1. Would you grab the residues whose amide H sits under 5 Å from the one on residue 91? Only those 5+ places off in sequence or on another chain, please, with H modelled 1.01 Å from N.
2. Please go through segment 9-84 and write out the trypsin sites (Lys or Arg not before Pro) that DSSP classes as loop and that have at most 11 other C-beta atoms within 10 Å.
3. Could the peptides 127-135, 21-29, 87-95 be put in order, highest first, of the mean number of other beta-carbon atoms found within 10 Å of their residues?
4. Read phi for every residue in segment 73-78 and hand back ³J(HN,Hα) as whole Hz from Karplus 6.51 cos²θ - 1.76 cosθ + 1.60, θ = phi - 60°, with x for Gly and Pro.
5. Once each part is reduced to its C-alpha centroid, what is the distance from segment 1-62 to segment 78-97 in angstrom?
6. Per residue, how many Å² of accessible area does segment 1-91 show with a 1.4 Å probe?
Amino acid sequence: MKIMAVDFGDARTGLALCDKTEFLASPIGVIHEHQMDKTAAQVANAVTEYQAQLVVVGYPKNMNGTEGPRCEKCAEFAQKLGYLIAPVPVRLWDERATTVEAAGYLNATNTRGKKRKEVIDAVAATIILESFLSWRRSHPEEESGA
(Lines give C-alpha, C1' and ligand atoms only; values in the text may rest on other atoms or scores of the structure.)
Protein backbone atom coordinates (compact mmCIF):
# COMPACT_ATOMS: atom_id res chain seq x y z
CA MET A 1 0.00 0.00 0.00
CA LYS A 2 1.29 3.48 -0.82
CA ILE A 3 1.31 5.52 2.37
CA MET A 4 2.04 9.24 2.64
CA ALA A 5 3.31 10.91 5.81
CA VAL A 6 2.80 14.59 6.60
CA ASP A 7 4.85 16.69 9.02
CA PHE A 8 2.45 19.62 9.34
CA GLY A 9 3.91 23.01 10.24
CA ASP A 10 2.75 26.61 10.39
CA ALA A 11 5.02 27.68 7.52
CA ARG A 12 6.44 24.47 6.03
CA THR A 13 4.87 21.03 5.74
CA GLY A 14 7.01 18.04 4.85
CA LEU A 15 5.80 15.07 2.81
CA ALA A 16 7.13 11.54 2.47
CA LEU A 17 5.88 8.49 0.61
CA CYS A 18 6.57 4.76 0.71
CA ASP A 19 6.55 2.30 -2.16
CA LYS A 20 3.74 -0.25 -2.56
CA THR A 21 5.72 -2.87 -0.64
CA GLU A 22 5.95 -0.51 2.37
CA PHE A 23 9.69 -1.08 2.45
CA LEU A 24 11.21 2.22 1.35
CA ALA A 25 10.15 5.62 2.70
CA SER A 26 11.38 8.67 0.80
CA PRO A 27 10.96 12.42 1.17
CA ILE A 28 8.91 13.89 -1.67
CA GLY A 29 8.87 17.59 -0.88
CA VAL A 30 7.94 20.53 1.29
CA ILE A 31 4.88 22.74 0.98
CA HIS A 32 5.55 26.38 1.83
CA GLU A 33 2.23 27.76 3.06
CA HIS A 34 0.97 29.60 6.15
CA GLN A 35 -2.78 28.95 5.79
CA MET A 36 -4.01 25.58 7.02
CA ASP A 37 -6.80 25.28 4.43
CA LYS A 38 -4.40 25.93 1.55
CA THR A 39 -1.88 23.48 2.98
CA ALA A 40 -4.58 20.81 3.28
CA ALA A 41 -5.60 21.41 -0.34
CA GLN A 42 -1.99 21.07 -1.53
CA VAL A 43 -1.50 17.87 0.48
CA ALA A 44 -4.78 16.55 -0.96
CA ASN A 45 -3.41 17.23 -4.47
CA ALA A 46 -0.24 15.30 -3.58
CA VAL A 47 -2.32 12.38 -2.26
CA THR A 48 -4.09 12.22 -5.63
CA GLU A 49 -0.91 12.71 -7.65
CA TYR A 50 1.01 9.97 -5.82
CA GLN A 51 -2.06 7.72 -5.44
CA ALA A 52 -1.58 7.34 -1.69
CA GLN A 53 -4.00 4.91 -0.06
CA LEU A 54 -3.41 6.03 3.52
CA VAL A 55 -2.12 9.29 5.00
CA VAL A 56 -0.30 9.51 8.33
CA VAL A 57 -0.17 12.96 9.95
CA GLY A 58 2.46 13.56 12.61
CA TYR A 59 0.92 14.14 16.04
CA PRO A 60 3.50 15.92 18.23
CA LYS A 61 2.74 14.77 21.76
CA ASN A 62 4.82 16.24 24.56
CA MET A 63 7.71 14.09 25.78
CA ASN A 64 5.62 13.07 28.82
CA GLY A 65 2.82 11.83 26.53
CA THR A 66 0.43 14.71 27.08
CA GLU A 67 -1.23 16.57 24.24
CA GLY A 68 -0.64 20.30 23.86
CA PRO A 69 -1.77 23.07 21.50
CA ARG A 70 0.36 21.71 18.65
CA CYS A 71 -1.54 18.40 18.82
CA GLU A 72 -4.80 20.31 18.51
CA LYS A 73 -3.55 22.05 15.35
CA CYS A 74 -2.38 18.80 13.81
CA ALA A 75 -5.68 17.08 14.64
CA GLU A 76 -7.57 19.99 13.04
CA PHE A 77 -5.36 19.74 9.97
CA ALA A 78 -5.89 15.97 9.76
CA GLN A 79 -9.65 16.46 9.96
CA LYS A 80 -9.62 19.05 7.15
CA LEU A 81 -7.41 16.82 5.03
CA GLY A 82 -9.62 13.80 5.68
CA TYR A 83 -12.62 15.71 4.41
CA LEU A 84 -10.75 16.60 1.19
CA ILE A 85 -9.42 13.13 0.41
CA ALA A 86 -12.27 10.87 1.58
CA PRO A 87 -12.44 7.88 1.35
CA VAL A 88 -8.63 7.74 1.78
CA PRO A 89 -8.10 7.29 5.53
CA VAL A 90 -6.08 9.76 7.59
CA ARG A 91 -4.38 8.64 10.81
CA LEU A 92 -2.57 10.61 13.48
CA TRP A 93 0.83 9.20 14.45
CA ASP A 94 2.95 10.07 17.49
CA GLU A 95 5.94 11.99 16.17
CA ARG A 96 7.77 12.93 19.36
CA ALA A 97 11.31 14.16 18.65
CA THR A 98 11.24 13.57 14.88
CA THR A 99 12.48 17.08 14.08
CA VAL A 100 15.38 16.55 16.51
CA GLU A 101 16.13 13.21 14.83
CA ALA A 102 15.92 14.86 11.39
CA ALA A 103 18.40 17.51 12.55
CA GLY A 104 20.74 14.71 13.63
CA TYR A 105 20.57 13.12 10.16
CA LEU A 106 21.27 16.46 8.53
CA ASN A 107 24.19 17.09 10.89
CA ALA A 108 25.62 13.69 9.96
CA THR A 109 25.45 14.59 6.27
CA ASN A 110 26.76 18.11 6.94
CA THR A 111 23.63 19.70 5.44
CA ARG A 112 23.62 23.30 6.57
CA GLY A 113 22.07 26.70 5.96
CA LYS A 114 19.38 27.24 3.36
CA LYS A 115 19.53 23.65 2.10
CA ARG A 116 18.88 22.36 5.63
CA LYS A 117 15.87 24.61 6.08
CA GLU A 118 14.47 23.41 2.74
CA VAL A 119 14.66 19.70 3.56
CA ILE A 120 14.31 19.25 7.33
CA ASP A 121 10.50 18.97 7.23
CA ALA A 122 10.56 16.35 4.46
CA VAL A 123 13.19 14.41 6.41
CA ALA A 124 10.97 14.62 9.52
CA ALA A 125 8.02 13.31 7.46
CA THR A 126 10.21 10.41 6.31
CA ILE A 127 11.07 9.58 9.92
CA ILE A 128 7.37 9.67 10.83
CA LEU A 129 6.63 7.30 7.95
CA GLU A 130 9.48 4.94 8.84
CA SER A 131 8.19 4.77 12.42
CA PHE A 132 4.66 4.03 11.22
CA LEU A 133 5.85 1.36 8.76
CA SER A 134 7.93 -0.30 11.47
CA TRP A 135 4.89 -0.38 13.74
CA ARG A 136 2.75 -1.89 10.94
CA ARG A 137 5.28 -4.65 10.35
CA SER A 138 5.30 -5.62 14.02
CA HIS A 139 1.51 -5.25 14.49
CA PRO A 140 -0.06 -6.66 11.32
CA GLU A 141 -3.28 -7.59 13.10
CA GLU A 142 -3.97 -4.12 14.55
CA GLU A 143 -5.62 -1.05 13.08
CA SER A 144 -3.18 1.85 13.13
CA GLY A 145 -3.91 5.01 15.11
CA ALA A 146 -2.34 7.67 17.34
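1. Those lying under 5 Å, H to H, from residue 91 are 55, 56, 57.
2. In loop regions of segment 9-84 (DSSP not H, G, I, E or B), the sparsely surrounded trypsin sites (Lys or Arg not before Pro) are 20.
3. Listed from highest to lowest mean packing, they are 127-135, 87-95, 21-29.
4. 5, 5, 5, 4, 4, 4
5. Result: 9 Å between the Cα centres.
6. Value returned for segment 1-91: 52 Å² of accessible area per residue.
The values are calculated or read from the model by the stated rules, or taken from the named source; none is laboratory data. Computed from a predicted structure; not experimentally measured. Cβ: placed from backbone, ideal geometry, glycine included. Neighbour counts: every protein chain shown. Side chains included, ligands, DNA and RNA excluded: accessible areas come from the protein's heavy atoms. Shrake-Rupley method; radii C 1.70, N 1.55, O 1.52, S 1.80 Å.
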